[in-house]
Amino acid sequence: MSLFDSITELSGVGQKRAEILKQLGILNIEDLLTYYPFRYDDLESRLPSQTDDGQKVTFKGMVSSQPTISRFGYKKSRIAFRLLIGHDNISVSFFNQPWLKEQIEIGKEMAIFGTYDAVHEALKGQRIIHAENDSLAAIYPSNQAIHQKTIQQLIENAYAKYADQINDIIPRRLMLAYRLLSRKKQIHDMHFPDSAENAKLARRSAAFEEFFIFQMRLQLMRISAGKNRGREIEYNSEILNDFIAKLPYSLTDAQKKVIQEILLDLKRPIHMNRLLQGDVGSGKTVVAAIAMLACYSAGLQAAIMVPTEILAQQHAINLSNLYQSAGLNLRIELLTSGLKAAARRQILADLESGEIDIVVGTHALIQADVHFYNLGLAVIDEQHRFGVKQRARLREQGQNPDILAMTATPIPRTLAITAYGEMDVSTIDQLPNGRRPIITKWVKSNQFDNVFDWVKTQLAAGAQVYVVTPLIEESETLDVQNAVLIYDRLKEELKPYRIGLLHGRLTNDEKQQVINDFSTNRVQVLVTTTVIEVGVDIKNATIMVILDADRFGIAQLHQLRGRVGRGKKQSYAILVSDPKTQYGIDRMEAIVSTNDGFALAEKDLKLRGPGDVIGIKQAGMPEFNVGDPIHDLKMMETAQQSAIEITSQSNWDADKENAELVKYLSLTMYRYKDFD
Ligand code: ADP
Ligand code: MG
């Protein structure tokens, strides 16, 4: 018997139920036993006078009136009766559970769990409590196909049958140092706590386990990346210095510093795995260009992967221009999914024969049929838009090139250890000289006309303008329709200026055409959806109007705003919105208050609160089941330190102390397919 026995070893689990459990990520007993509840209902009874309005509570009392049942329409019903608790006679109702009527008789003592309405002294009943013994009921995430009760029952069965197989996996030393429960007690109390205090202690141990295992995996990734000797890239400093001297600007100190860090890594016989973070507009592209040129000068290929076609096209053009104006003749090609079959075939052939020096691409770069001649460096721009898996694919594809991932990080510094634990980090903490901070204003939609009067005067003075149309519930079709409407309207109102329209449904050639028209000032106003969000770099565009700005998150607004303010002229971002919630108002005020991406990320986190992980997920953060990496940051740090300590000992994996841990890590590998 082992915890990794298939779930079908439990009685009551056949093929069909196993399929359903699989959808919940449960394949074996271990998965089931660590399928933890997300809350507990407090079944201990209370008095109405001790209960707040809207609180979930259990009342124990005597049924004091005959239950009445009323039915409305098909399937809907309500049972109502009164329950005497001490001196309080409150009313209780159950909706849509007509069968309960049998159990309710005048004079009977009952305990009922539900939501209390203090104003009407009424309880909206959820269920009748039978068990007198346990006072906390574990509530699990479930889906349509499987009932709470079933999950509870299966976990009870699994624990009864397998409890003796549960061994401690965290080394003893750590368990003592951090006063962790034995794994058996931890699992028991997560599911069947006899007090809220015990549930809390179990959760603490379970969270530590989760963080620790995660950090162990990061360390193992680090180690395995470092094991095989990486390539020493013998770049030609003269070529690099010459290129830098011919740039139309001088590099900032911050850029110089990160370039040194990257070049050192390239030269050392290691596999570079470096994250370059720097705010929007801090000049990461030229840093990547220099790193790729270093590769080229050593006779190796380089690739840069970006999240959108538009950005790929932009980068291809910008890089060509950069190299050409320094008199360098590199062959740069674009590999996107929009390519015609013949053109694609040619590019794949030339990549494989080594005739292409630098390839710029989207996800198309990580298709199975892409082979490189000798890829030395893979750059991943806007890395938070890619999953761990996609990053890993690019690495495999190129037979383990050095990796430079870039991000205008929407992740606060405090979270970096979780998000980028396995990477070395370089930071550009300075914007190029002479940039004027973008002036950001928030206006209500009834000011829209004023905004456009002002836009007209700016257009007359030669400015170019982005108008970003709202995001409509993730529906691309609606986004597009909406953009078209606004485009039509502005075409009328802003005559004689020329308006362009950019959205996700255009073909590549059409997108390219629109961007070209805008960057050469053939059109002065670009109406666009969020396809513009990342990377696009057009210096003469100085005004960004964002409609219904409260539909966007802080990180996204900051990225959007970053499309302007790229040249020497004063730039403006105008947020048009009527937020309906305090959170919406707070977001607008945050964006107006600062241009500093790191500060905004911290603010974003505070506003959102630790419970809301959606934005964090978007930012490339892994998800956790039990622990909350924001709230329990200290614990995450401790887990990281512990993992580093363990793995830095030679032969740590042969140490008896770590035997269970090693076994556990290898047996749970299936959960981390993305990590390979
Ligand atoms: P991001 O870091 O957001 O990717 P980019 O690399 O697109 O920023 O750079 C933003 C703009 O700043 C580009 O137009 C680029 O040419 C310019 N730039 C980069 N470095 C410098 C510098 N040292 N001085 C002046 N302008 C710079
Ligand atoms: Mg960029």
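A few remarks follow.
- Residues in the range 525-550 that are modelled with pLDDT under 85 and among the charged types (D, E, K, R) were compared, and the one that is farthest from ligand 1 (Cβ to nearest atom) is 533.
- Residues satisfying the criterion are absent from the range 400-421 (criterion: outside any loop (DSSP other than H, G, I, E, B), surrounded by fewer than 15 Cβ atoms within 10 Å (Cβ to Cβ) and at pLDDT 80 or above).
- Criterion violated by residue 578 - all others in (1) away from ligand 1 (no atom under 16 Å from the Cβ); (2) in contact (Cβ under 8 Å) with a residue 40 or more places away in the chain; (3) in a helix (DSSP H, G or I); (4) surrounded by fewer than 20 Cβ atoms within 10 Å (Cβ to Cβ) satisfied: (3)
- Single residue of the range 269-286 satisfying the filter (in a loop (DSSP other than H, G, I, E, B) and under 30 Å from residue 220 (Cβ atoms)) that is farthest from ligand 1 (Cβ to nearest atom): 269
- Residue that is surrounded by the fewest Cβ atoms within 10 Å (Cβ to Cβ), among those in the range 165-185 that are without any contact (Cβ under 8 Å) to a residue 24 or more places away in the chain and more than 17 Å from residue 638 (Cβ to Cβ): 182
- Within this structure, residue 538 fails the test of being among the hydrophobic types (A, V, I, L, M, F, W, C), more than 20 Å from residue 318 (Cα to Cα) and touching a helix residue (DSSP H, G or I) at 6+ places or on another chain (Cβ under 7 Å).
- Among the criteria (1) more than 14 Å from ligand 1 (Cβ to nearest atom); (2) surrounded by 16 or more Cβ atoms within 10 Å (Cβ to Cβ), the one residue 565 does not fulfil is (1).
- Hey, residue 290 within 15 Å of ligand 2 (Cβ to nearest atom) and in contact (Cβ under 8 Å) with a residue 24 or more places away in the chain or not: yes
- Qualifying residue in the range 330-339 (condition: surrounded by fewer than 20 Cβ atoms within 10 Å (Cβ to Cβ), over 33 Å from the mean Cα position of the chain (by Cα) and more than 16 Å from ligand 2 (Cβ to nearest atom)): yes
- Residues considered: 251, 266, 247. Of these, the only one that is away from ligand 1 (no atom under 16 Å from the Cβ), touching a residue at least 24 places away in the same chain (Cβ under 8 Å) and in the same structural domain as residue 408 (by TED's automatic domain parsing) is 266.
- Candidates 326, 349, 342, 288, filtered to the one that is under 18 Å from residue 266 (Cβ atoms) and either touching a strand residue (DSSP E or B) at 6+ places or on another chain (Cβ under 9 Å) or in the same structural domain as residue 263 (by TED's automatic domain parsing) (or both): 288
- Residue count, the range 525-549 (criterion: crowded, with 22+ Cβ neighbours inside 10 Å, more than 19 Å from residue 481 (Cα to Cα) and not β-branched (Val, Ile, Thr)): 3
- Residue count for the range 423-450, restricted to those that are surrounded by fewer than 17 Cβ atoms within 10 Å (Cβ to Cβ) and more than 16 Å from ligand 1 (Cβ to nearest atom): 10
- Here is the figure for the range 1-55: residues that are of a type in the set (Gly, Ala, Ser) and not in a loop (DSSP other than H, G, I, E, B) total 4.
The values are calculated or read from the model by the stated rules, or taken from the named source; none is laboratory data. As the structure is a computational prediction, the values presented were derived from the model and not from experiment. Backbone-built Cβ (ideal geometry, glycine too); neighbour counts: all protein chains shown.
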